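Asker: The structure is given below, and queries will be raised subsequently.
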Amino acid sequence: MTENLPISRALNAGLRRALETNDRVLLMGEDIGPLGGVFRVTEGLQKDFGPRRVIDSPLAESGIVGTAIGLAMGGFRPVLEIQFDGFVFPAFDQITSQLAKLTNRHEGALQMPVVIRIPYGGHIGAIEHHQESPEAYFTHTPGLRVVSPSTANDAYWMIQQAIDSPDPVIFLEPKAKYWQKGEVETDAPALPLHASRIVRRGTDVTLVGHGAMVTTLLQAASLAESEGTSCEVIDLRSLSPVDYGPLLDSVRRTGRMVYAQEAPGFTSLGSEVAATVMERAFFALEAPVLRVSGFDVPFPPAKLEGTYLPDADRILEAVDRSLAY
């Protein structure tokens, strides 16, 4: 069956299905009960599944994650909501020092099936601590899986696949796209959780990104086509581990690659992907892999976010520089 849903409702439907399928799944977070969360992703779930499975937590991110670790040890599958990206840092020690390491500490005998949902990224005109892109902190941490859907169909299936994972998953939700609608196929997932996906075919330059940036890459590819340049667009989907197969195959055909991200560029996910592609496809490249990112400054006030965040023009400038080699 196919439904047309915004990403927020697709996530809601995926969480609902997980709650129905496995009575060991429970949700925790600030204001996720009657309010349904700031972005209404959990709307109606406490009403249908009760306050013992959809838990309104205190305002204490470290306590939320610490409690989830104990629940996972007891056989539950907690799904946590961090209200905004910048609020995750009080829980950073619990995530990186405990959650990410416990399975290894127990030599694989203890699973940690915890999902941490984090709305992330810009484009909503919010204040400080509400528009961060913290993905590099988590992709740098062994023991964590990190994913980010960019479509409603991926949101629906990837949240369920993350909940089924035996390992902790950082589930990054591009908050600017919560209201973007798309077709959701509810019968079977199109891809595994950690697979990258070609979303537009092209022959001249490979454009790669994740989350909300995929929409911007598609806009750039459409503009480039009007100028006679054919761009292939790849949605990374999984940030750790990275599925490099489609990226390398594409680069070996186009000879050029541009990676775009909202996060600052220094020691970022884009840095890692660029370095790996240049190591593994060096002789296929006609130009160095180029990166387009947020600037290496704290996220600015809302009125300046349009200058800070990469747009189609900045991506096309990188495409032109790549083609000039």
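The values are calculated or read from the model by the stated rules, or taken from the named source; none is laboratory data. Just so we're clear, the structure is a prediction, and the values are computed from it rather than from any experiment. Neighbour counts run over all protein chains shown; Cβ positions are idealised from the backbone, glycine included. Please note that ligands, DNA and RNA were not included when accessible areas were found on the heavy atoms of the full protein model with its side chains. Shrake-Rupley method; radii C 1.70, N 1.55, O 1.52, S 1.80 Å.
Asker: Using only the Cα atoms of segment 84-233, build the gyration tensor, take square roots of its eigenvalues as a ≥ b ≥ c, and label the shape rounded, prolate or oblate: rounded if a/c is under 1.5, else prolate if a/b is larger than b/c, else oblate.
Answerer: prolate
Asker: Can you give me the angle between helix 213-226 and the longest principal axis of the chain, using Cα atoms only, in degrees from 0 to 90, rounded to the nearest 10?
Answerer: In the chain, helix 213-226 runs at an angle near 20 degrees to the longest axis.
Asker: A further question follows. In degrees between 0 and 90, to the nearest 10, how far off the longest principal axis of the chain does helix 245-254 point, with axes built from Cα atoms?
Answerer: The angle comes out at about 20 degrees.
Asker: About the Cα centre of the chain, how large is the charge dipole given +1 on each Lys and Arg Cβ and -1 on each Asp and Glu Cβ? Please answer in debye to the nearest 20.
Answerer: Once rounded to the nearest 20, the dipole reads 480 debye.
Asker: Mind running the shape call on segment 7-60? Use the C-alpha gyration tensor, a ≥ b ≥ c as the square roots of the eigenvalues: rounded below 1.5 for a/c, prolate if a/b tops b/c, oblate otherwise.
Answerer: Oblate, since a/c reaches 1.5 and b/c is not below a/b.
Asker: Also, quick follow-up: Leaving out ligands and nucleic acids, and using a 1.4 Å probe, what accessible area per residue does the chain come to in Å²?
Answerer: 42
Asker: Turning to a different aspect of this structure: Looking only at SER240, SER226, SER271, which one moves most when the chain is put into a Gaussian network model with springs between Cα atoms under 10 Å?
Answerer: Fluctuation is largest for SER226.
Asker: Take the alpha-carbon centre of segment 269-296, take the same for segment 70-118, and report the distance between them in whole Å.
Answerer: Using only Cα atoms to place each centre, the spacing works out to 31 Å.
Asker: Then there's this: Give, rounded to the nearest 20 debye, the magnitude of the charge dipole that segment 1-62 has about its Cα centre when Lys and Arg contribute +1 at Cβ and Asp and Glu contribute -1 at Cβ.
Answerer: Dipole of segment 1-62, to the nearest 20 debye: 180 debye.
Asker: Take the alpha carbon gyration tensor of segment 215-271, find the square roots of its eigenvalues, order them as a ≥ b ≥ c, and report rounded if a/c is under 1.5; if not, report prolate when a/b exceeds b/c, else oblate.
Answerer: oblate
Asker: Springs between alpha-carbon pairs under 10 angstrom, Gaussian network model over the chain: which of ALA281, ALA68, ALA100 fluctuates most?
Answerer: Of the options given, ALA281 has the highest mean-square fluctuation.
Asker: For volume of the Cα convex hull per residue in Å³, pick the label among (i) 150; (ii) 130; (iii) 323 that corresponds to the value derived from the coordinates.
Answerer: Among (i) 150; (ii) 130; (iii) 323, the one derived from this structure is (ii).
Asker: Relative to the longest principal axis of the chain, what angle (0 to 90°, nearest 10) does the C-alpha long axis of helix 61-73 take?
Answerer: The helix 61-73 is inclined about 70 degrees to the chain.
Asker: Top mean-square fluctuation among LEU102, LEU172, LEU217, Gaussian network model of the chain, C-alpha springs under 10 Å?
Answerer: Of LEU102, LEU172, LEU217, the most mobile in the Gaussian network model is LEU102.
Asker: Let me ask something else about it. Provide the packing ranking of 304-311, 138-145, 282-289, i.e. peptides ordered by the mean count of other C-beta atoms within 10 Å per residue, highest first.
Answerer: 138-145, 304-311, 282-289
Asker: Please give the charge dipole size of segment 122-237, origin at the Cα centre, charges +1 on K and R Cβ atoms and -1 on D and E Cβ atoms. Round to the nearest 20 debye.
Answerer: 20
Asker: Another question, then. Among the DSSP beta bridges whose two residues both lie in segment 196-325, what percent are antiparallel, rounded to the nearest 5?
Answerer: The answer is about 20 percent antiparallel.
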